[in-house]
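What follows is a single structure, written as structure tokens, with notes after it.
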Amino acid sequence: MYENILKIGPITVKGYGLMIAVGVILALFLGEKLAKKRGQDPDMIYNLTFLCAISGFLGAKILFCIVEFDALIKDPMSVLKSNGFVVYGGIIGGILAAAVYLKRKKCNFWDYFDIVLPSVAVAQGFGRIGCFLAGCCYGRETDSCIGIAFNNSRFAPNHVKLIPTQLISSAGMFLIAAVLLWFLKRQKRPGQTGALYLILYSIGRFGVEFLRNDFRGEIGPFSTSQFISVLILLVGLWLFFFRKDKEAEEQV
């Protein structure tokens, strides 16, 4: 819809990239503030942000290539050069990279897990606004009053009213971030806030998928992201309710 926000000479500022940048910067500041409040190393937040940004980018691209495997075989370069990414790949890639890094630094993974995930939700909220500006991740056609028509999108059908799934997702992520920040002060053991993110995000993503109309791959009756959502939900529920805090046990 507003893919190009600003043009200064030969430089064009794209809405998607701008929102991603804003989201990452705000997430970084939020993570640093939470780290200070909870007695963790703020510098570690900067390291994790840089590491997770790279690993998340790679993970999102790898999962996209898996979803688009047939197209990848036919024309590898077109798939690799495309703007296609799958968010779940980024989340999984970022978490795995952070776990390895924190283990090598002999830091408690769960403490930073709780700090970083609310920040991730904020970044995702702005990222989905970027999706709206670019017109990707679009919704189904609708005659309702909430429908929005794109006029010059390279991704969504133009001049047709569509459900603004990007804005719905964005509002959901900001709501999740608020819930996580509220819960962080009340959690009973490390890791529960991060687990709550997995639970809430997977439920929200599963539901929003029914409203989307862009191709996202499919596994049986579900989209690829819905299938992954079920798995992530199970992991989140186990972490939230059943994971035992070994450090707490050792101190008893």
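The values are calculated or read from the model by the stated rules, or taken from the named source; none is laboratory data. Quick caveat, the model's predicted, so the values are computed rather than measured. FYI the Cβ positions are ideal-geometry reconstructions off the backbone, even for glycines, and counts take in every protein chain you see. Heads up: the accessible areas ignore ligands, DNA and RNA and are worked out on the full protein's heavy atoms, side chains in. Shrake-Rupley method; radii C 1.70, N 1.55, O 1.52, S 1.80 Å.
Near the amide H of Lys14, within less than 5 Å, lie the amide hydrogens of Ile5, all on another chain or at least 5 residues away, with H placed in the peptide plane. What a 1.4 Å probe finds exposed on segment 117-252 is 66% carbon and sulfur by accessible area, rounded to a whole percent. Cys107 exposes around 40 Å² of accessible area when a 1.4 Å probe is run over every protein chain in place. Farthest towards the positive end of the charge dipole of the chain, among the residues Ser223, Gly23, Leu162, is the Cα of Gly23, using unit charges on the Cβ of Lys, Arg, Asp and Glu. The long axis of helix 87-104 is offset from the longest Cα principal axis of the chain by roughly 30 degrees.
Residues whose amide H falls under 5 Å from that of Glu218, counting only those 5 or more places apart or on a different chain, are Thr224, with hydrogens built in the peptide plane. Filter Lys14/Lys36; Lys14/Lys61; Lys105/Lys188; Lys74/Lys161; Lys61/Lys188 down to the pairs with a C-alpha to C-alpha distance above 27 Å, please. Pairs exceeding 27 Å: Lys14/Lys36; Lys74/Lys161; Lys61/Lys188. 3J(HN,Hα) couplings calculated from phi for segment 140-149 with the Karplus curve 6.51 cos²θ - 1.76 cosθ + 1.60 (θ = phi - 60°) are, in sequence order, 6, 5, 8, 9, 6, 5, 8, x, 10, 9 Hz; Gly and Pro show x. Measuring with a 1.4 angstrom probe and ignoring ligands and nucleic acids, Met44 comes out at about 20 Å² accessible. Counting only heavy atoms of the protein chains and using a 1.4 Å probe, Val100 has close to 90 Å² of accessible surface. Each stretch of four or more DSSP H residues adds -39500 (n - 2.57); spread over every residue of the chain, this sum gives -22000 deg cm²/dmol at 222 nm.
Over the chain, what is the relative contact order in whole percent, taking alpha-carbon pairs under 8 Å and six or more residues apart? Walk me through the numbers on the way to the answer.
On the way: 364 pairs, mean separation 47.1, N = 252.
That works out to 19 percent.
Model label points for Lys14 and Asp70, set 7 angstrom from Cα along the Cα-to-Cβ axis, are 2.7 nm apart. 3J(HN,Hα) couplings calculated from phi for segment 57-64 with the Karplus curve 6.51 cos²θ - 1.76 cosθ + 1.60 (θ = phi - 60°) are, in sequence order, 4, 5, x, 5, 6, 4, 5, 4 Hz; Gly and Pro show x. Among Asp41, Asp143, Asp114, the sequence by solvent-accessible area, most first, with a 1.4 Å probe is Asp143, Asp41, Asp114. The phi-based Karplus calculation (6.51 cos²θ - 1.76 cosθ + 1.60; θ = phi - 60°) puts the 3J(HN,Hα) values of segment 178-185 at 5, 5, 5, 5, 5, 6, 4, 6 Hz, whole numbers, x for Gly and Pro.
In the Gaussian network model of the chain, springs joining C-alpha atoms below 10 Å, which of Ala178, Ala27, Ala134 carries the largest mean-square fluctuation? Among Ala178, Ala27, Ala134, the largest mean-square fluctuation in the Gaussian network model of the chain belongs to Ala178. Taking the C-alpha atoms only, the angle from helix 192-209 to the longest principal axis of the chain is near 20 degrees.
Please list Ile45, Ile73 in order of solvent-accessible area, largest first, computed with a 1.4 Å probe with all protein chains present. Don't skip to the end; give the middle numbers.
Numbers: Ile45 5, Ile73 110 Å².
Heavy-atom accessible area, descending, gives Ile73, Ile45.
The candidates Asp214, Asp75, arranged from most to least accessible area with a 1.4 Å probe in the full protein assembly, appear as Asp75, Asp214.
Normalised by the number of residues in segment 7-123, what is the relative contact order in percent for Cα pairs under 8 Å and 6+ residues apart?
On the way: 105 pairs, mean separation 39.1, N = 117.
About 33 percent, as a whole number.
The slack in the chain from Leu167 to Glu141, taken as 0.36 nm per residue of separation less the alpha-carbon distance, amounts to 7.8 nm.
Between Lys188 and Leu234, the contour length at 0.36 nm per residue exceeds the Cα-Cα span by 14.6 nm.
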